[in-house]
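**Student:** Below is a structure I'd like to ask you about.
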Amino acid sequence: MLKFKSPAREVQCAVSISPATGDKIASYPFHGPEKCEEILAQAAEGQLAWAALQIAERAQYIARVGVILRKDACSLGQLISLEMGKPVVAARGEIEKCAALCEWYAAHAEILLADEIADVGGDGEAVIAYRPLGVVLGVMPWNFPFWQVLRAAIPIMVAGNGFILKHADNVQGCAAALERAIAEANLPTGLFSVVNVTRDAIPAMLADRRIAAVTATAGVGAGSAIAAEAGRNLKKSVLELGGSDPFIILADADLDRAVQAAVQGRFQNCGQVCIAAKRLIVERPIADAFVARFVAATKRLQLGDPLDEDTEVGPMARVRLRTELHDQIERSVGLGATLLLGGRIPDGPGAYYPPTILANVTPDMPVFREETFGPVAAISIAENAEHAIALANDSDFGLSGALWCGDAERALRLARQIETGGIFVNGVAASDPRVPIGGVKQSGYGRELSHFGLREFTNAQLVWARD
């Protein structure tokens with residue numbers, strides 16, 4: 001039986017608050033030890049039945065999940081908008097992306113998980129088989145309440161594992177909707193389950209023998225604590241802990257395309273994206289032109305009600321997050337950054353914050369040194385390409401980044417010098433099932449998506465048969 005303390009707070013439930021109005025949407029009582037025990041027992045039983053299926057059979061179930069998500073895209077998109085403030089057009093796009101993810105793994109899992117023959121020089125036959133580990137605990141964030149979960153869970157499950165979701169408190173409605181959608185696809189009972197607990201319960205869950213591993217997308221502090229508990233129990237962990245992604249624009253870049261990409265890369269989802277373009281590093285010869293065009297383009301963004309089809313930037317997910325972002329901006333201005341746009345908390349309800357641009361940003365400022373999880377762009381000037389790379393690497397984070405350069409050969413050479421898990425040349429950072437995502441330094445370790453994410457939570461078991 002799981003043993004953990006009751007939530008160390010007066011509130012005994014997770015509360016969903018509208019970021020647009022500040023009104024309460026719903027509350028979800030936290031699960032106690034008995035309910036968690038029931039969830040774990042069902043997950044362990046369901047995983048055994050699931051692992052016994054052929055990969056092709058599991059893939060068919062995963063394809064059904066994609067069909068169900070696409071069928072319900074309008075209602076699920078609206079739920080995302082209500083709970084965390086994403087503009088509804090983008091929210092529907094998130095559901096479509098999840099459906100495409102399911103389709104991709106359904107089509108490719110059998111090949112990517114196929115047994116591999118090892119060359120042992122005629123000394124019998126050696127086969128490497130990718131076997132599931134068991135039930136994986138997923139600690140997930142609110143900023144992409146469906147995509148972040150499924151980009152971890154779908155490859156984990158198609159590999160034969162179970163998945164228990166501990167979602168963020170403010171998107172428990174999305175968590176419940178995900179659980180219903182997967183149940184509708186008739187996967188084994190308990191294979192995908194939601195456990196509504198506080199962080200206080202995570203150590204006990206990781207200590208339980210039925211939890212084989214953990215994957216988490218979180219801040220550095222929470223991720224470090226989860227990694228420590230996983231290590232204490234010798235459990236595999238994969239961590240994606242955010243970043244302060246550089247977006248480098250060199251003097252020979254296509255300026256119009258770079259400006260458009262910078263606006264998209266920084267302000268999509270109200271800037272609440274781990275792989276957002278957070279630090280814009282511009283080579284001096286084009287700095288004035290870039291800044292003028294970037295400010296003008298940012299001014300045209302439509303800030304408003306996330307349920308309005310014309311809204312491009314909705315509210316931040318929580319008032320507390322807005323307060324923290326505003327503090328980072330004010331401290332940076334106090335150190336000499338120039339406020340070009342925004343930077344003011346608007347009157348009225350909700351957690352709205354206008355798209356904000358700071359220039360003359362230096363490495364000692366919070367908006368350069370810390371992760372800024374909201375709609376603020378920090379612009380720094382580089383004297384040349386080498387200086388731009390040095391500024392990009394002057395960070396404790398290393399998740400993703402972008403490099404804009406007119407010389408393709410030079411761009412590829414420079415890209416390899418940037419200390420990130422991924423670098424996008426003349427493009428916006430994105431997550432896609434065909435390629436891995438993950439970071440270095442304090443951005444975490446391990447990979448999600450592609451065949452890397454599919455095999456992260458498997459036992460690469462050697463079977464060597466000699467005559």
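**Student:** Work out how much length Ala118 to Arg320 would gain on full extension: take 0.36 nm times their residue separation and subtract the Cα-Cα distance, in nm to one decimal.
**Tutor:** Residue separation times 0.36 nm, minus the Cα-Cα distance, leaves 67.3 nm.
**Student:** Ok, one more. Go through the range 146-151 residue by residue and turn each phi into a ³J(HN,Hα) via Karplus (6.51, -1.76, 1.60, θ = phi - 60°); whole Hz please, and just put x for glycine and proline.
**Tutor:** Residue by residue, the range 146-151 yields 9, 4, 4, 5, 6, 5 Hz.
**Student:** Still on this structure: Just to make sure I understand: if all protein chains stay in place, what is the order of Thr338, Thr189 by accessible area at 1.4 Å, largest first?
**Tutor:** Order by accessible area, largest first: Thr189, Thr338.
**Student:** Gap in Å between the Cα centre of the range 412-445 and the Cα centre of the range 280-351?
**Tutor:** 24
**Student:** Carbon and sulfur: what percent of the chain's accessible surface (1.4 Å probe)?
**Tutor:** 52
**Student:** Round to the nearest 0.05 the FRET efficiency obtained for Arg410 and Gln264 when R0 = 22 Å and r is the Cβ-Cβ distance.
**Tutor:** Here the calculated transfer efficiency is 0.35.
**Student:** Net charge around Gln302, counting only other residues with Cβ within less than 12 Å of its Cβ (Lys, Arg = +1; Asp, Glu = -1)?
**Tutor:** -3
**Student:** What angle, in degrees between 0 and 90 and rounded to the nearest 10, separates the Cα long axis of helix 255-267 from the longest principal axis of the Cα atoms of the chain?
**Tutor:** Its long axis makes an angle of about 60 degrees.
**Student:** Let me ask something else about it. Rounded to whole Hz and in sequence order, give me ³J(HN,Hα) for the range 16-31 from the Karplus expression 6.51 cos²θ - 1.76 cosθ + 1.60, θ = phi - 60°, writing x for Gly and Pro.
**Tutor:** Couplings: 9, 10, 5, x, 7, 10, x, 7, 6, 8, 6, 10, 9, x, 5, 6 Hz.
**Student:** Relative contact order for the range 1-114 using alpha-carbon pairs under 8 Å, separation at least 6, rounded to a whole percent?
**Tutor:** 26
**Student:** At 7 Å along Cα-to-Cβ for each site, give me the label-to-label distance between Gln54 and Val425 in nm.
**Tutor:** The modelled label-to-label distance comes out at 4.2 nm.
**Student:** Evaluate the distance, in nm, between pseudo-label points positioned 7 Å from the Cα of Gln417 and of Ala225 along their respective Cα→Cβ axes.
**Tutor:** Reported label-point gap for Gln417 and Ala225 is 4.0 nm.
**Student:** Taking H as built 1.01 Å from N, whose amide H comes closer than 5 Å to the amide H of Ser395, not counting residues under 5 places away?
**Tutor:** Counting only residues 5 or more places away or on other chains, the set is empty.
**Student:** How would you classify the range 24-64 from its alpha-carbon gyration tensor, with a ≥ b ≥ c the square roots of the eigenvalues: rounded for a/c under 1.5, else prolate if a/b is greater than b/c, otherwise oblate?
**Tutor:** Here the range 24-64 falls in the oblate category.
**Student:** Same structure, new question: With just the Cα atoms defining each centre, how far is the range 42-71 from the range 241-255? Give it in Å.
**Tutor:** 39
**Student:** Once amide H atoms are built 1.01 Å from N in the peptide plane, which residues 5 or more positions from Ala402, or in another chain, come under 5 Å H to H?
**Tutor:** Correct list: Phe247, Ile248, Phe424.
**Student:** In terms of modelled amide H atoms, which long-range or inter-chain residues lie less than 5 Å from the amide H of Thr356?
**Tutor:** Those lying under 5 Å, H to H, from Thr356 are Val376, Ala377.
**Student:** A further question follows. Pairs of alpha-carbon atoms within less than 8 angstrom and 6+ residues apart define the contacts here; what relative contact order does the chain have, in percent?
**Tutor:** Relative contact order comes out at 19 percent.
**Student:** Mind checking the per residue accessible area of the chain for me, 1.4 Å probe, whole number of Å²?
**Tutor:** Result: 41 Å² of accessible area for each residue.
**Student:** What FRET efficiency do you get for Arg257 and Glu34 if R0 is 41 Å and r is their Cβ-Cβ distance, rounded to the nearest 0.05?
**Tutor:** 0.15
**Student:** Can you give the relative contact order of the range 204-255 as a percent, counting alpha carbon pairs under 8 Å and 6+ residues apart?
**Tutor:** It comes to 37 percent, rounded to a whole number.
**Student:** Under the 0.36 nm per residue contour assumption, what length would be gained going from the current alpha-carbon distance of Glu386 and Arg199 to full extension?
**Tutor:** 63.0 nm
**Student:** If you bin the C-alpha pair distances of the chain every 20 Å from 0, what whole percents do you get?
**Tutor:** Distribution as computed: 24, 55, 20, 1 percent.
**Student:** Let me ask something else. Give me the distance in nm between label points sitting 7 Å out from Cα along the Cα-to-Cβ direction at Arg455 and Glu125, one decimal.
**Tutor:** 2.1
**Student:** May I pose another question? For Asp364 and Ile25, compute 0.36 nm times the residue count separating them, minus their Cα-Cα distance, and round to one decimal in nm.
**Tutor:** Length difference between fully extended and current span is 118.0 nm.
**Student:** Classify the range 212-292 as rounded, prolate or oblate from the Cα gyration tensor: take a ≥ b ≥ c as the square roots of its eigenvalues, call it rounded if a/c is under 1.5, otherwise prolate when a/b beats b/c and oblate if not.
**Tutor:** Prolate.
**Student:** Go ahead and run the numbers for FRET between Glu110 and Ala207, Cβ-Cβ distance against an R0 of 41 Å, rounding to 0.05.
**Tutor:** That gives a FRET efficiency of 0.75.
**Student:** Let me ask another. Report ³J(HN,Hα) in whole Hz for each residue of the range 49-62, in order, from the Karplus equation J = 6.51 cos²θ - 1.76 cosθ + 1.60 where θ = phi - 60°; Gly and Pro get x.
**Tutor:** Using θ = phi - 60°, the values come out as 5, 5, 5, 6, 6, 5, 4, 4, 5, 4, 4, 5, 5, 5 Hz.
The values are calculated or read from the model by the stated rules, or taken from the named source; none is laboratory data. Everything quoted here is computed from the prediction, not taken from an experiment. So basically every Cβ, Gly included, is an ideal-geometry build from the backbone, and we count neighbours across all protein chains shown. Each accessible area value is taken on the protein alone, full model and side chains, heavy atoms only, with ligands, DNA and RNA left out. Shrake-Rupley method; radii C 1.70, N 1.55, O 1.52, S 1.80 Å.
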